[in-house]
1. Any residue at all in segment 148-158 that is acidic (D, E) and buried (at least 16 other Cβ atoms within 10 Å of the Cβ)?
2. What residue, among those in segment 552-574 that are aliphatic (A, V, I, L, M) and buried (at least 16 other Cβ atoms within 10 Å of the Cβ), is farthest from T589 (Cα to Cα)?
3. Can you name every residue in segment 82-98 that is in a helix (DSSP H, G or I) and either in contact with an Asp or Glu (Cβ under 7 Å, 6 or more places away or on another chain) or of a type in the set (D, E) (or both)?
4. Where the second residue is open to solvent by less than 10 Å² (accessible area, probe 1.4 Å) and of a type in the set (V, I, T) and the first is over 15 Å from D383 (Cα atoms) and lies in segment 425-445, which pairs have Cβ atoms under 8 Å and are six or more apart or on separate chains?
5. Collect the residues in segment 311-322 that are at pLDDT 75 or above and either open to solvent by less than 40 Å² (accessible area, probe 1.4 Å) or β-branched (V, I, T) (or both), keeping them in residue-number order.
6. Within segment 39-62, is there a residue that is modelled with pLDDT of 75 or more and outside any loop (DSSP other than H, G, I, E, B)?
7. May I ask you to list pairs of residues, at least six apart or on different chains, whose Cβ atoms are under 7 Å apart, with the first in segment 630-645 being farther than 19 Å from F605 by Cα and the second being open to solvent by 30 Å² or more (accessible area, probe 1.4 Å) and of a type in the set (G, A, S)?
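The values are calculated or read from the model by the stated rules, or taken from the named source; none is laboratory data. This one's a predicted model, so the numbers in the text were calculated from it and none came from an experiment. Every residue, glycine among them, receives a Cβ derived from its backbone with ideal geometry; neighbour counts consider all protein chains shown. What goes into the accessible areas is simple: the full protein's heavy atoms, side chains included, and nothing from ligands, DNA or RNA. Shrake-Rupley method; radii C 1.70, N 1.55, O 1.52, S 1.80 Å.
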Amino acid sequence: MLKLRLWIVLLLTCVGPVGFAATDIQYQSAFLSPIQAQSSQFKALDVNQLIKKAASVPSDPELKIQSVLIVKASFTVEKSIDALKNSALNDIRTLSKVTPELSLWACAQATCQGQIDMALSTVGFVMNYQMLDLREAQNAQWANETLPQDLLTNTQLVTVQEVGQWTHLFTDSFSINIFQAIGPTRTQITNYQLHLVKASAYQKAKYIPFFNLEKNLNSKVRDQLQAIKNYLDKSVSSRAPSSVGNEPNLYRQQSYKLVDPTGDRALLERAAAVPLNILKSVITQEGPQAIDWLPDPYEWEDPLAGKIPEPAITEGLSLQGRDNPLLLESFKKTLTQVIQEESRRGLLPRHGIVHEWSAQYKNRHAFAQTSKLLLTLAMGFTDRFMVTGTEESLRQWILSNSYESVTLPELFRASYRINSGDIYLTLLTIENVLANNWRYNGRENLPITKRLRAISSGYNYKGDRYGTWYHFFGTILYGYAYGSATAKVVGAIEAVGSNIMSIGLDQTQKQWLNVMGGPVGAYLRDVVTNKLYINFVGSKAFLNEHYYLNLREDFRDRLPVETSPEVEANLLGHEHGSMAVFIRIPEITLRSCQVDLIFDTGRGFDSRRKVLRSGVHFTPQRATSLAASMTQAQAVRGFIHHCHGHTGQWIFEAEL
């Protein structure tokens, strides 16, 4: 263990007095030069090896230290020492639940490789973590020999993090938390940190306009401490996945397991009840959701509640689109752009390993003749039988965003980082988080759903946002694992199933996304296999939702309109399906107009049967003729707009 006494004295000396912030965290920090850290007052304390390292001149310029960031922070939580000891703080592998931006992997005992979002980029590191209960004799002896006595009053618990091998920003870091009981159910936590900041980080920051490295680092450290406080305020236990009270006797994995015979048996037994459940749903016409299904209480916790306005409720006419909402080839580039950006930061994509049946059950049961992933997706139980262990980290990331702000590529990016570039786990984690309350009637009002952007085409339409998102990622996941052709079939079956299970509901947008997911998943696998991201010519514009979503569907065919009485229009038909529209406006001359003609071929006006004309002139003396090739047209609705010198619009209708 490092010379912790000297660290603490140094920290207490440098940070000075601390004031309360609006977050109820007392926080103070200081950036010292290596020379300041080696000043005479610290030399008298026999400053430890890291401070000496900061002032040394390394052979590798990349390791040169420009400043030493020293932090002291404290806050209280309404939890006992024992409750904190039993929380996610007690194991290095569960720390990502406490700090959502932290991801850990490749763990051996108390040491893990990992990464965390900091200034400039996501940075990797190696962390050693220990929790010490000072009520145990051996730990108490260590504390008396190591910590200043003024910190030992009521101190019962200590956690220590020693971090090195940073890929950016720092060379070494150190953090210690002191837990002091101030009542039977209240604890004061004091945090001390020291980071050696590389000179190269300052050089890189110079090239980013208006970017202040030290201010950003301070903000990141403070935000991470706030996230820790928020987590401990809410819960000290490892949160179970959702719907724990629903089907409580149904098996649930407690951690990530690729081979799980016990789970396989429970899944196959549960699958045997599916046909009866579907039949009941069709008979009662309740759809796939259940009136008695309730999310866990913590899933209603919304950090934004009461702080900013909730998403507006749709009022007035609402129309679901008919067009495919996804621009498939564009969206493929969007995801490739994300992977390329992350790979250039050092996080290379990996295929991952798909869950399979254990040897005891593979091909030995009717349902086990198909893939385990397909059966679990079809039943909506991946969050029970295919746990990744990173769901809570992704859930917390989603909740850290504002309402209606999370986009498809940024959700993919967040899960990609949390799962260290494993594409299979990236997609599975998203599916587990999005789909775990699919049977809840009020799923559109869950805090997670409220943060998702609309990916459906519609006019004043929010529709089944929950369903479109989790269906889309479910078929992407299956397409990634088993290929586009198989996933397309599955998507088509799911589309039919949606209509059966939700009688009378328009499922057009969800059906489009069911079918589109398979090709996206298959393409992602090709990106990883053939490393297409390396030579990909990308653009930040690919991340804009206007690039990959069809948000330009024309709803004027179904919107109520008020025609302009001054416009005279006639529709005449000719042989071979050609049509002519004659338009006259007796009292006005219009020049260089745009004219949009939407035709009715027997099923109502349809904007997919539209003809556009530009540069059209109108004079009072004679009718203007516009020809159009439109088979079986029975009526036309027209819009005259963007005329030279005029800002108005003229609307007309005519029948054959």
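1. Within segment 148-158, the first condition is being acidic (D, E), and the residues that meet it are 150.
Next cut, buried (at least 16 other Cβ atoms within 10 Å of the Cβ) only: none.
Within segment 148-158, none of the residues are acidic (D, E) and buried (at least 16 other Cβ atoms within 10 Å of the Cβ).
2. Initial filter on segment 552-574 (aliphatic (A, V, I, L, M)): 559, 561, 567, 569, 571-572.
Now drop any that are not buried (at least 16 other Cβ atoms within 10 Å of the Cβ), which leaves 567, 569, 571.
Working: V567: 12, A569: 16, L571: 21 Å.
So, considering only residues that are aliphatic (A, V, I, L, M) and buried (at least 16 other Cβ atoms within 10 Å of the Cβ), the one farthest from T589 (Cα to Cα) is L571.
3. D82, K85, K97
4. Correct list of pairs: R443/T449.
5. Hits for segment 311-322 are P311, I313, L319, Q320, G321.
6. yes
7. C643/S592; H644/S592
Here's the yes/no breakdown for (1) modelled with pLDDT of 95 or more; (2) within 30 Å of Q224 (Cβ to Cβ); (3) not β-branched (V, I, T):
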| position | (1), (2), (3) |
| --- | --- |
| P409 | yes, yes, yes |
| R413 | yes, yes, yes |
| D422 | yes, yes, yes |
| K450 | no, yes, yes |
| G458 | no, no, yes |
